Amino acid sequence: MKIPSILTSFTTPENVRAIVRPHWIMLVPVVLLFAWAALLFYGTLSTFQSSTSAAAHFFMAPAFFTLIGVALGIQAILSGTIRAVGYYFSYLLITDTHAITLTGIARQIRSMEIEDSDIRGVDESLVGRVLGYGVLNVSGFSGATIARFPVANPYQLLEQMGEA
């Protein structure tokens, strides 16, 4: 994987041990949000088109509920887009001396020297164990941590950090 240009100031290609993106499981909420938006738009359009339905007579305000459905659909699309963009702009880079995370479109960079890290471990749920992902935990003596997001093969990354 190519090193993003913003991270080239931290390292050279020769001392990079690993560069990974978050696990694909981070995109599942994006798909669910887009499906939810599609269902909301379908439901509100069908309610708006059939103004003689029982629901329209019961609530006496189909335009109000159509407006709420469209607003919730737009909100779901925006939330899904923000999550997808965050996924595609996030990286974990492990070099000989540092663990560096780049997260989000705002490009928040957190760097920690591996020698200064106190706690190294992996948080892994049952679903994570089945699908092969976990959250790499690295915190320093000062309490600072790198950004946490699920990565594939976290134990392999932990070993690469231990070799530094």
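Treating only the Cβ of Lys, Arg, Asp and Glu as charged (+1, +1, -1, -1), what charge dipole size does the chain show about its Cα centre? Round to the nearest 20 debye.
Numbers: 9 positive and 10 negative charges, 136 e Å.
Computed about the Cα centre, the dipole is about 660 debye.
Projecting the Cα atoms of HIS23, GLY43, SER90 onto the charge dipole of the chain (Cβ charges, centred on the Cα centre) puts GLY43 farthest toward the positive pole.
Bear in mind these aren't lab numbers, they're just calculated from the coordinates by the rules spelled out. Values in this document were obtained by computation on a predicted structure and should not be read as measured data. Reconstructed Cβ throughout: ideal geometry from the backbone, glycine too, with neighbour counts over all protein chains shown.
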